[in-house]
1. Of the residues A:Val491, A:Val458, A:Val464, which single one is in the same structural domain as A:Ile566 (by TED's automatic domain parsing) and not in a loop (DSSP other than H, G, I, E, B)?
2. Among (1) within 28 Å of A:Ser39 (Cα to Cα); (2) more than 9 Å from chain B (Cβ to nearest Cβ), where does A:Lys117 come up short?
3. Please verify whether A:Glu482 is without any contact (Cβ under 8 Å) to a residue 60 or more places away in the chain, under 30 Å from A:Phe219 (Cβ atoms) and surrounded by fewer than 20 Cβ atoms within 10 Å (Cβ to Cβ), treating the condition exactly as stated.
4. Against the condition at positive phi and without any contact (Cβ under 8 Å) to a residue 40 or more places away in the chain, how does B:Gly446 come out, does it pass?
5. Conditions: (1) free of Cβ contacts under 8 Å to residues at least 40 places away in the same chain; (2) outside any helix (DSSP H, G or I). A:Ala507 meets all but one. Number of the miss?
6. Return the total of residues in the stretch A:365-395 being surrounded by fewer than 18 Cβ atoms within 10 Å (Cβ to Cβ) and not charged (D, E, K, R).
7. Enumerate the pairs (first residue in the stretch B:207-227 and free of Cβ contacts under 8 Å to residues at least 40 places away in the same chain; second residue anywhere and hydrophobic (A, V, I, L, M, F, W, C)) with beta-carbon separation below 8 Å, excluding pairs fewer than 6 apart on the same chain, so at least 6 apart or on different chains.
8. Within the stretch B:516-569, how many residues turn out to be outside any loop (DSSP other than H, G, I, E, B) and either closer than 16 Å to B:Leu9 by Cα or not acidic (Asp, Glu) (or both)?
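The values are calculated or read from the model by the stated rules, or taken from the named source; none is laboratory data. Computed from a predicted structure; not experimentally measured. Please note: Cβ atoms are built from the backbone with ideal geometry, for glycine as well, and neighbour counts cover all protein chains shown.
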There are 2 protein chains.
Amino acid sequence: MTELFVRTLREDPADAEVPSHRWLVRAGYVRRAAPGIYSWLPLGYRVLRKVEAIVREEMELMGAQEVHLPALLPREPYEATNRWTEYGPNLFRLKDRRGNDMLLGPTHEEIFALMVKDLYNSYKDLPLSLFQIQTKYRDEARPRAGILRGREFVMKDSYSFDIDESGLQKSYDAHRDAYIKIFNRLGLQYEIVAAMSGAMGGSASEEFLGIAENGEDTFVRSPGGYAANVEAVRIPPAEPIPYDDAPAAHAEDTPDTPTIDTLVALANDRFPRADRPWQAGDTLKNVVLMITEPDGTRRPLVIGLPGDREVDAKRLEAQLEPATAEPFGADDFAAHPGLVKGYIGPAALGKESATKIEYLVDPRVGTGTRWLTGADEPGRHVFDLVCGRDFTPDGLIDVAEIREGDPSPDGSGPLHLARGMELGHIFQLGKKYAEALGLQVLDQNGKLVTVTMGSYGVGVSRAVAAVAEDTCDEKGLCWPPEIAPYRVHIVAAGKGSEIAEYAHELAFRLDEAGVEVLLDDRSVSPGVKFADSEILGMPTIVVVGRGLADGMIEVRDRRSGERTDIATADALGHLLALIRNGNAAELLV
Amino acid sequence: MTELFVRTLREDPADAEVPSHRWLVRAGYVRRAAPGIYSWLPLGYRVLRKVEAIVREEMELMGAQEVHLPALLPREPYEATNRWTEYGPNLFRLKDRRGNDMLLGPTHEEIFALMVKDLYNSYKDLPLSLFQIQTKYRDEARPRAGILRGREFVMKDSYSFDIDESGLQKSYDAHRDAYIKIFNRLGLQYEIVAAMSGAMGGSASEEFLGIAENGEDTFVRSPGGYAANVEAVRIPPAEPIPYDDAPAAHAEDTPDTPTIDTLVALANDRFPRADRPWQAGDTLKNVVLMITEPDGTRRPLVIGLPGDREVDAKRLEAQLEPATAEPFGADDFAAHPGLVKGYIGPAALGKESATKIEYLVDPRVGTGTRWLTGADEPGRHVFDLVCGRDFTPDGLIDVAEIREGDPSPDGSGPLHLARGMELGHIFQLGKKYAEALGLQVLDQNGKLVTVTMGSYGVGVSRAVAAVAEDTCDEKGLCWPPEIAPYRVHIVAAGKGSEIAEYAHELAFRLDEAGVEVLLDDRSVSPGVKFADSEILGMPTIVVVGRGLADGMIEVRDRRSGERTDIATADALGHLLALIRNGNAAELLV
């Protein structure tokens, strides 16, 4: 440690939102170079490379071949798939000295497809899986949490190429299995959930979500085993219900009721129901948005949903992608006088209406459902408005918030919500990219067929943060042995040449036996060394201190905190056995 | 090979200028993705990673610590050192979504200096050497020769930090020794030559130049051991010589002599010398250039040099850097009527002259030298113009071409010229970067002192091309064992399940013994397989063919072409011995 390029910090970095970020910076594993852009210091880089090695090993075991493609890429292939535009401001774009448009690769479907097109031409060449471990770039709007969501990050991306759907399914399953092995080896707690394919396109995708309180994603689980990112939860459309007994719709004066709460209160006061009080869920709330397409064109959209639910911003974003939505502003209302703010109802909505504004409703708004909603006049609402009788939406949109206890789409009971961070994502892309780029091969009958692709990603630098987040405690980092920068941290605690000499000797012997050792040989107080050993987080800490005079040293397990005294005579053997078996306590009692 | 993502090409790529480029593409090691930007296919990437491993090992052995800094960097630190501007169009610049200026790192002096400043503050922390193996970006005006000069490439860059000059010298020497080991292990032929520090700045630098006919660099060697890149050769200024016996300068009519040849011919015809004929070297040629500074300002410059020498474009570029030079155009002459094209002489030149144009001369133009040169009037030249008597240049500039046989600056005899490619470059930077970025530490007396830096680079991806260039022959690639993608290439040549089974078995046994094996199990003709094995270039080729019926297989040495039959009974032992000893011929006779 007198030579290692590391400094532990006593203070949390000002921008640290999550424990992994706090400790990785405080322990001198990473340093911020620019917003969302980090430098890896020696200890951090050792962890990163060990994670890379695990990913590489499992990818090779599943039969994928490693390649390395450029990060700086020409525009044209991304133009062919429309992602040059669809990626929006998340893409780092630049011009070279000749004025050619280029980009920093956020993901490489296009370039892999072109490379395979370049070399292969027959069904006999397939299946094929290629992978790379590479630095990727995304100009995130909100880079956060250190290396957890950076603008420059390391990713393992792989791509499969198959002649047909069943081949794709096999490649997809093989990747899924490899990912399970990778995340198990990293000791991460995770859930495999149904996911949105989003900008990537394709027919099906699953995410590996690390279970983490600080995760950016919310996912659901059902008693029956259904698991999905909330963005991907699909509420089944409501079955039609009879409405023969429904009275005719009738508009009523409801002054000063621009909100659901004021409306429900007034309805219960002036128009009480016989069966039960009015509730927010009896109202049909119409949320007005301004949509911007990637090419810049703008159009209004109204979403109708039960008044007791909000639109979930991430579910909305996922449904609209690559378009984006903003709240309707005062200028927008001024430009659309047909929309009476606070009193908007279905009569003024829909492509067939006078406003011609698209009107999509929540799947719960089914034929026969009966609503209390705006009458399109200030201070008036309409009662008993029946969907399918009194109004017909342009279609459905499933963007209402998912709530703890909502019925699961698989019918197995209530949904349970949890937070997670995306560790991996696997996509069945199908033919989208191959078609756009003309990746075809000859089939068994000599006919050209379009290749079917899959794409698969692991956030390698993010995995470092995820493990740190999973394992750190109130004292610092706490690495699992397989990816710890060093397996053993020897603290020479106390003055005197004997202590220093023994510590050096033990470090040398362990090193000779193939154990990675960090030796704290600094001339600082034992207290500083102990604190640092806890911040740095090597699995086993060996304290060479006053006990040495009596032929004893102390072994501490960083995770459990257990301390065991061992005789110097057996120290090497004990430590090697411990390292091979992974549990200090059992061996050393 | 039925599964490996590789295809050999029968045709040379259209843009291949050098053999390494031709063979790396034809053998399916790399593919072009954009001008100067290449994808690494599985075989190529294996070589790249092996070169990386050698570089990493030697850097760690010399005590450098590995880190990994971002490639996408903020503008500010490069602004502080003025390199944001000085790098000119070679720098890839871009803006992020918030409009911040960023760049793709061509080299990382600034960011390393800031990182050390961030963590260290005492002389006790030094010396320190850090390195990274990273993808770098330079928007080369003329990317060429495949991965030999690309716009995206892999570099090992390291940086040393010392308290003083003697520390820097030690760090520099340690890097120099490590580089010698690296290039020796790669089996490269190279020369260590004095070099220009150029845009990097600093006091001294040396290049490791791979000796290569197709190299872009020219370097010189003297009988006494002096070696330098031509850009760095410094001609000593001429000693003053007496000119008491020189006649007064006299202008003469020399019609139609706008070139040196026409002038010399006319002089010999009309004004013959008594002692010998006039020669081009007797004339003083004045070359007019337009200089553009990095900030865009332009100014003329005239360079005077003996008429038998040309200005060397690369030596000029290196002297003027970061400014650039272009030939003086017709418009420029029109704007400077004092310059009479074809008849320009010293009288019209210099900051003190009427034109005020800066006038620098070759070091050979010393005080007392006597010249035939322009008289600044159309069709007239001046004879016996003595430097230091009749004109005084503003200074010296050493940019004339270096020629085979020129006297060496070390006085040891004639210079010999050769071509090379830059494999590595080591710089004593001194305090330039540390000063600009405020990198100071406390010295032993508690005083703040500026840190002294060195910077050191190895072109890792270029080294792959350099080895390929050094070793390939007319049949294809020919890798040295240490970095070959596979050590042994087994060719199953001929039909029949016995041949296929034995080839598989042998491959399995070798693999089990830790030998990397490529097995050609394709159903193509033996001829195609033999040709491919030569193109792909593994060191040892094992042919399992008709001889198998008699219990024999053939071992071919890819480099020497030697073929040896060995009995299947001893095959594994023979091959393992060969691999351990590295020479097929000796073992197998």
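1. Working: A:Val458 fails: in the same structural domain as A:Ile566 (by TED's automatic domain parsing); A:Val464 fails: in the same structural domain as A:Ile566 (by TED's automatic domain parsing).
Of the residues listed, the single one that is in the same structural domain as A:Ile566 (by TED's automatic domain parsing) and not in a loop (DSSP other than H, G, I, E, B) is A:Val491.
2. Of everything listed in (1) within 28 Å of A:Ser39 (Cα to Cα); (2) more than 9 Å from chain B (Cβ to nearest Cβ), A:Lys117 misses just condition (1).
3. Here the answer is no, as A:Glu482 does not meet what is asked.
4. Numbers: at positive phi: yes; without any contact (Cβ under 8 Å) to a residue 40 or more places away in the chain: yes.
Considered against the rule, which asks whether it is at positive phi and without any contact (Cβ under 8 Å) to a residue 40 or more places away in the chain, B:Gly446 comes out as yes.
5. Condition (2) is where A:Ala507 drops out.
6. Narrowing the stretch A:365-395 to residues surrounded by fewer than 18 Cβ atoms within 10 Å (Cβ to Cβ): A:366-368, A:377-380, A:384, A:388-389, A:392, A:394-395.
This time we only want the ones that are not charged (D, E, K, R), so: A:366-368, A:378-379, A:388, A:392, A:395.
Final tally of qualifying residues: 8.
7. Note: pairs meeting the criteria are B:Ala227/B:Ile192; B:Ala227/B:Val193; B:Ala227/B:Ala194; B:Ala227/B:Phe219; B:Ala227/B:Val220.
8. Just the residues of the stretch B:516-569 that are outside any loop (DSSP other than H, G, I, E, B), to begin with: B:517-520, B:526-536, B:540-544, B:546-550, B:552-557, B:563-569.
Add one more test, that the residue is either closer than 16 Å to B:Leu9 by Cα or not acidic (Asp, Glu) (or both), and what stays is B:517-519, B:526-536, B:540-544, B:546-549, B:552-553, B:555-556, B:563-564, B:566-569.
Number satisfying all stated conditions: 33.
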